[in-house]
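Inspection log for the structure reproduced underneath, given as structure tokens.
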Amino acid sequence: MPRVADVPGQVAADGFRSRIVRRYERASPGTQQLFARLYLEGLATGDFEPVFRELVGETTALSANAVVRLKERWGDEYAAWKRRSLATQRYAYLWADGVYLGIGSEPDKTALLCVLGARQDGTKELLALEPGYRESAGSWAGVLRDLRERGLAAPLVAVGDGALGLWAALDEVFPTTAHQRCWNHRVLNVQDTLPKRLQAEARRRLREIAEAETLEACARLRSRYVAELYAAGQAAAAETIQRDWETFVTFYRFPKEHWLHLRTSNPIESLFSGVRLRTDATKRMRTRETALYLVFKLVERLSQNWRALNGGENLMTLVLEGCIFTDGVLQPRPGALRADRQLDGRARFPAARKCGTRTS
């Protein structure tokens, strides 16, 4: 910025001040945003000085403290995001899980409770990211109550692993929401009860059960495999498969196009894999707030590549309207077939959005 000392008083009583560069500014806003983004991608705060000094000059602020001040802005962004209203959207499905991070000198890792929602247009959205205590029922209930107070209506189904705290909290806050347990976690639970020589077969059989075309076929395959396990002396594995069975087949009541998304908690697990790549490089973060804001910004970036649900907005509309699906197939409402027979083909098209008269 040019230094001008001889500006006439009648032109500028307080002397020259640039309208482009603020006082004491040593880097442009774009450069500052770039530094914050590079830190988000994995560059340590102590690396900025040796890496960028020749590129940006000697006067630009590149100390670790300068980068820390840039990160403090993330706290304001997180606070605004956490207060936003959820009443303008409908969410049919939720995925919930916790990610554990090493923070400060605490001997136990801190749990960040994460909730992902499927919007009415079929896209996914991060709804909650809160620190909690070991995924307890109280911690999850606090997260869900906050979502409800900000306008979230009860979702149709929630998907998660075997953490008992989540399911107890759902029964308290959203008692009408159906439970869908993750099949990937059940596979791991069953494998833990089996000798190593039987684990690969267990994974294959359980995947075959989970991918059965109908609920009846799924139950038949389960019964057959459970009987074989009992006959082989593997009662613990057989009992693990049967435990909470009804919560593993909830997805059959929803469109077949959505089964891929509902059978497991992969939508949120894949999110955590990207978060762990960055946080593992950091080893242990100094404060819980730093970890929270870092994960929040990571998720914000990763959300740009999230996959929308199969079927898009049209299918999600049918789900939210309360249409009935049996083994993933849309069922006509009572009287719908009789009414359809009284109309010709062209007259049925205006009713295509109603349950039972969906068109391709």
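Since every read-out is calculated from the coordinates, none of them should be taken as a lab result. Every value quoted in this text rests on a predicted model; they were computed, and no experiment measured them. Glycine also receives a Cβ, built like all others from the backbone with ideal geometry; neighbour counts cover every protein chain displayed.
Data table
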| quantity | calculated |
| --- | --- |
| Interchain or long-range residues, amide H under 5 Å from Ala92's placed H | Ala118 |
| Using θ = phi - 60° and Karplus 6.51 cos²θ - 1.76 cosθ + 1.60, couplings along the range 149-159 (whole Hz; Gly, Pro as x) | 5, 8, x, 6, 7, 4, x, 6, 8, 10, 10 |
| Over the range 94-185, volume per residue of the alpha carbon convex hull, in Å³ | 105 Å³ |
| Pair Glu211, Thr287: separation of 7 Å Cα→Cβ label points (nm) | 4.9 nm |
| Rounded to the nearest 20 debye, dipole of the range 115-264 from Cβ charges on Lys, Arg, Asp, Glu | 440 debye |
| Protection proxy ranking of 138-147, 76-85 - average other beta-carbon atoms within 10 Å, highest first | 138-147, 76-85 |
| Packing-based order for 302-308, 130-136, using average beta carbon neighbours within 10 Å, highest first | 130-136, 302-308 |
| Selection from Gly142, Ala237, Tyr100 lying farthest towards where the dipole of the range 96-238 points positive, charges on Cβ | Ala237 |
| Rounded, prolate or oblate (a/c below 1.5 giving rounded, otherwise prolate when a/b exceeds b/c) for the range 134-253 by Cα gyration tensor | prolate |
| FRET efficiency, Asn266 to Arg84 (Cβ-Cβ, R0 22 Å, nearest 0.05) | 0.25 |
| Zero-based 10 Å bins, Cα pair distances in the range 177-219, whole percents | 27, 49, 22, 3 |
